[in-house]
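Chemist: Below is the structure I would like to discuss, written out as structure tokens.
The values are calculated or read from the model by the stated rules, or taken from the named source; none is laboratory data. Everything numeric in this text was worked out from a predicted model, so none of it was measured. Because the Cβ atoms are built from the backbone with ideal geometry, glycine has one as well, and the counts that use them run over all protein chains shown.
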Amino acid sequence: MLQINSIHHIAIICSDYTISKHFYTKILSFEILSEVYREERDSYKLDLKVGDRYQIELFSFPNPPERISKPEACGLRHLAFEVSNLDECVEKLKLQWVIIEPIRVDELTGKRFTFFADPDNLPLELYEK
């Protein structure tokens, strides 16, 4: 039997490295673990700390195709981040001009959540603990 312990990292390819790096580090406040430019691929790789367990690997590649978000396509649907205070997080994002969907309640868990998008229109969710 295959035994998987946990998710190690999530990889995201961005279209504009400078804009996405600012979004994930300055707006979402993820800590930079490492940053490497790979000349042979004309690509940056930025490792970001998410909480105490997870990482996001942010990649840049020349001319990546756009992501289909609407209508939703097969594959990864969105990334969800757990937060302790949804209202506080929403207000901080709005101060950074991030467009936030109205807060909803998960009908199965009773927990509150909302969605917004990164600079490449990748859907991101905040889910209240």
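Chemist: Would you confirm whether any residue within segment 95-104 is in a helix (DSSP H, G or I) and modelled with pLDDT of 95 or more?
Modeler: The initial filter retains those residues of segment 95-104 that are in a helix (DSSP H, G or I), namely 95.
Next, only the ones that are modelled with pLDDT of 95 or more stay: 95.
Scanning segment 95-104, I find at least one residue that is in a helix (DSSP H, G or I) and modelled with pLDDT of 95 or more, so the answer is yes.
Chemist: Given the conditions (1) of a type outside the set (A, V, I, L, M); (2) modelled with pLDDT of 95 or more; (3) surrounded by fewer than 11 Cβ atoms within 10 Å (Cβ to Cβ), and given that TYR44 satisfies all but one, which numbered condition is not satisfied?
Modeler: It fails just one condition, (3).
Chemist: If you don't mind, another one. Out of all the residues in segment 99-126, which are under 13 Å from the mean Cα position of the chain (by Cα) and either free of Cβ contacts under 8 Å to residues at least 12 places away in the same chain or surrounded by 15 or more Cβ atoms within 10 Å (Cβ to Cβ) (or both)? Full working, then the answer.
Modeler: Going through segment 99-126, the residues under 13 Å from the mean Cα position of the chain (by Cα) turn out to be 115-126.
Correct list: PHE115, PHE116, ALA117, ASP118, PRO119, ASP120, LEU122, PRO123, LEU124, GLU125, LEU126.
Chemist: To continue, here is another question. Of all residues being exposed (fewer than 12 other Cβ atoms within 10 Å of the Cβ) and under 16 Å from the mean Cα position of the chain (by Cα) in segment 77-98, which is nearest to ILE10 (Cα to Cα)? Just the residue, please.
Modeler: Here the residue is ARG77.
Chemist: So, one more: Tally up the residues in segment 1-25 that are touching a residue at least 40 places away in the same chain (Cβ under 8 Å) and part of a helix (DSSP H, G or I), please.
Modeler: Residues in segment 1-25 being touching a residue at least 40 places away in the same chain (Cβ under 8 Å) and part of a helix (DSSP H, G or I): 5 in total.
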